[in-house]
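First up is the structure itself, then whatever we jot down about it.
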């Protein structure tokens with residue numbers, strides 16, 4: 001099997017798992033976009049949202065998942 005195909009299958013499984021988690025536990029993850037460090041500017045005709053802390057948290061989690069896959073490779 002081609003190496004790229006293997007990675008696409010793994011990415012697809014991860015996306016399906018994330019989708020299932022969000023579907024069944026979505027109400028318990030409502031804090032995810034409202035972490036300290038996420039910048040929200042809401043005015044009458046303007047809404048700007050910079051989820052800095054959320055992006056850092058997701059980056060750390062994805063890095064750990066990738067390192068785990070490399071460990072068991």
Task: Residue ID - nearest to the chain's Cα centre (by Cα), chosen from residues in segment 36-46 that are exposed (fewer than 11 other Cβ atoms within 10 Å of the Cβ) and part of a loop (DSSP other than H, G, I, E, B) - done: 36
Task: Residue tally, condition under 16 Å from residue 59 (Cα atoms) and exposed (fewer than 10 other Cβ atoms within 10 Å of the Cβ), over segment 25-35 - done: 0
Open item on the list: Quick check on segment 1-24: of everything there that is assigned to a helix (DSSP H, G or I) and surrounded by fewer than 10 Cβ atoms within 10 Å (Cβ to Cβ), which residue is farthest from the chain's Cα centre (by Cα)?
Closed with: 3
TODO: For segment 47-66, enumerate the residues that are farther than 18 Å from residue 18 by Cα and part of a helix (DSSP H, G or I).
DONE: 52, 53
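A short reminder: the numbers here are calculations on the coordinates, not readings from a lab. Quick caveat, the model's predicted, so the values are computed rather than measured. A quick note on method: Cβ atoms are made from the backbone with ideal geometry, for glycine too, and the neighbour counts reach across all protein chains shown.
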